[in-house]
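Structure first, commentary second.
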Amino acid sequence: AADVSIVAGSRATFILGPSDGFGARMRVALDSHPDGAGANVPQALPDAGLLVSSYDGLPAADFQRSTFYASVGNYCLRGTFPDPDFEAVVGHPVGQPVGNPLVVEPGSHTLTIHRASDEPGAIETCKSSPVAQAALEITAAGRAYAFLYAEPGKPGIRLLVVPFAD
């Protein structure tokens, strides 16, 4: 088993979320680790930006059955393993839900979050009304975090986008 303890040479992000009934939730995302195997954050892509997305900031009781997708244009963002054959059949890119690493064309964008369709078997196209938006600036081989969160006592979902400090 890989050593995933935080030791000299590690680079980690601590992600805090609302209480799950036992106290605040905390997750450690290891970007790098001396043994190389402990990192659990996807590495940058050479020709595209990578968006590491999370919904840890949403209260589980309110959003446990919700699925969200992200877009920066006409379609949902793809994951790191697209299926070109399936996309050829449906005629457009097929996105992956928030929580997966998402591929983004380099540039300045408005990142838009959409709640998934309730229609059984629907292929998400990110045409629904946005639930949150934020500016996203990303380069080829660049990475950014996108955090969905809710503020206690306030309606709606918020989105925070921050670049990795590579």
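The values are calculated or read from the model by the stated rules, or taken from the named source; none is laboratory data. Because the structure is predicted, anything quoted here is derived from the model rather than measured. Note that each Cβ is placed from the backbone with ideal geometry, even for glycine, and that neighbours are counted across all protein chains shown.
Quick rundown of the values:
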{"quantity": "Test result for ALA37, in contact with a Leu (Cβ under 8 Å, 6 or more places away or on another chain) and at pLDDT below 85", "calculated": "no"}
{"quantity": "Flag if VAL103 is under 23 Å from ARG65 (Cα atoms), under 17 Å from the mean Cα position of the chain (by Cα) and in a strand (DSSP E or B)", "calculated": "no"}
{"quantity": "VAL104 being within 17 Å of VAL162 (Cβ to Cβ), buried (at least 18 other Cβ atoms within 10 Å of the Cβ) and either without any contact (Cβ under 8 Å) to a residue 40 or more places away in the chain or in contact with a Phe, Trp or Tyr (Cβ under 8 Å, 6 or more places away or on another chain) (or both)", "calculated": "no"}
{"quantity": "Sole exception among (1) surrounded by fewer than 17 Cβ atoms within 10 Å (Cβ to Cβ); (2) part of a loop (DSSP other than H, G, I, E, B); (3) in contact (Cβ under 8 Å) with a residue 24 or more places away in the chain; (4) acidic (Asp, Glu) for GLU119, by number", "calculated": "(3)"}
{"quantity": "Set SER117, SER19: member being modelled with pLDDT under 65, farther than 23 Å from LEU136 by Cβ and of a type in the set (Ser, Thr, Tyr)", "calculated": "SER19"}
{"quantity": "Neighbours by Cβ (under 9 Å, 6+ apart or cross-chain): first from segment 140-166, in a strand (DSSP E or B) and surrounded by 11 or more Cβ atoms within 10 Å (Cβ to Cβ); second among the acidic types (Asp, Glu) and at pLDDT below 90", "calculated": "ARG143/ASP31; ARG143/ASP166; PHE147/ASP56; LEU148/ASP56; TYR149/ASP56; ARG158/GLU151"}
{"quantity": "Residue tally, condition free of Cβ contacts under 8 Å to residues at least 40 places away in the same chain and assigned to a strand (DSSP E or B), over segment 122-137", "calculated": "6"}
{"quantity": "Matching option when the condition is in contact (Cβ under 8 Å) with a residue 12 or more places away in the chain and assigned to a loop (DSSP other than H, G, I, E, B), among HIS114, HIS92", "calculated": "HIS92"}
{"quantity": "Segment 129-139, subset crowded, with 16+ Cβ neighbours inside 10 Å and either among the acidic types (Asp, Glu) or touching a Lys or Arg at 6+ places or on another chain (Cβ under 8 Å) (or both), residue nearest to SER66 (Cα to Cα)", "calculated": "VAL131"}
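Residues are listed down the side, and each one gets a yes or a no for (1) touching a strand residue (DSSP E or B) at 6+ places or on another chain (Cβ under 9 Å); (2) under 17 Å from ALA44 (Cβ atoms); (3) of a type in the set (Val, Ile, Thr); (4) surrounded by fewer than 16 Cβ atoms within 10 Å (Cβ to Cβ):
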{"residue": "ALA70", "(1), (2), (3), (4)": "yes, no, no, no"}
{"residue": "TYR75", "(1), (2), (3), (4)": "no, no, no, no"}
{"residue": "ARG78", "(1), (2), (3), (4)": "yes, yes, no, no"}
{"residue": "ASN100", "(1), (2), (3), (4)": "yes, yes, no, no"}
{"residue": "LEU111", "(1), (2), (3), (4)": "yes, no, no, no"}
{"residue": "ARG115", "(1), (2), (3), (4)": "yes, no, no, no"}
